[in-house]
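Engineer: Sharing a structure with you now.
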Amino acid sequence: MTLSALSLDSPPKMREAGAVQFRAVEGLLASAPSISSLISAAERGDRTASETLFSALYSELHRLAKRELARRGVPVSLSATTLLHQAYIEMAEQEKASFPDQARFMGYAARVMRGLIIDHARNRGAQKRGGRFEITSMGSEVENVADVGELTQLSEALDELANSDAVLSEIVDLKFFCGFTFAEIAAMKGISERTVQRQWEKARIYLHRKISADLEV
């Protein structure tokens, strides 16, 4: 029985059980760490917080995508940039002043979007009819990579790059997987567009060398 199924006309014992269940849910919500606190902990090097943050953002982005599908009632294509912006607006509204700025949020959310896009591409073949949604990264090159194995290989190379230069890895996530333009990324990070382009080229060279070396093994 769901909480919404309990009415004012329910027997006393049922209402009491419902009240206990409701307080339990409230307690869980109150004890759950906020996105803000998870980001702060992750930035201090807390690995558990990083993993929890990834899971929380993944669930939220997937929820928003499913909500759009239900709202429109037909197969739709969702821009990754639109989905990320919507997630930021809604989460910031929930946590108010404590929520991190957009640049910090997007740095984590873009990595999560990469995982969501790859998972969706992996499962897309199993969704033959109805009730499906497409996640696209408008303006990026990811739609041209049809092989999920190639996307997975790129993702693994990006994870390795993040260990040595997280900034370069983030630029690729924002540009390649999420479809942000150089100008949008520059504005988000408060740096020049030319700097973003240099970082993009540096990351591309690293990834090309890394993937080519892996293929030769």
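Engineer: Stretched out fully, how many nm does the piece from residue 67 to residue 183 gain, at 0.36 nm a residue minus the Cα gap?
Structural biologist: Details: separation 116, 0.36 × 116 = 41.76 nm, distance 2.96 nm.
My answer for the length gained is 38.8 nm.
Engineer: I would also like to ask the following. Per residue of region 165-172, what does 6.51 cos²θ - 1.76 cosθ + 1.60 with θ = phi - 60° give for ³J(HN,Hα)? Whole Hz please, x for Gly and Pro, Karplus curve as stated.
Structural biologist: Taking θ as phi minus 60°, the curve returns 8, 5, 5, 5, 4, 5, 4, 5 Hz for region 165-172.
Engineer: Using a simple spin-label model with points 7 Å from Cα along the Cα→Cβ vector, what separation in nm is obtained for residue 47 and residue 193?
Structural biologist: Output for this residue pair reads 4.2 nm.
Engineer: Now for a different question. Starting from the 7 Å offset along Cα-to-Cβ, what nm value, one decimal, do you get for the label separation of residue 167 and residue 152?
Structural biologist: Inter-label distance under the simple model: 3.3 nm.
Engineer: Let me ask something else. Collect residues whose amide H, placed 1.01 Å from N in the peptide plane, falls under 5 Å from the amide H of residue 79; neighbours closer than 5 in sequence don't count.
Structural biologist: Those qualifying (amide H under 5 Å, at least 5 residues apart or on another chain) are 136.
Read the figures in this text as sums done on the coordinates, not as results from a lab. Source: prediction; values computed, not measured. Ideal geometry is used to build each Cβ from the backbone, glycine not excepted, and the neighbour counts take in all protein chains shown.
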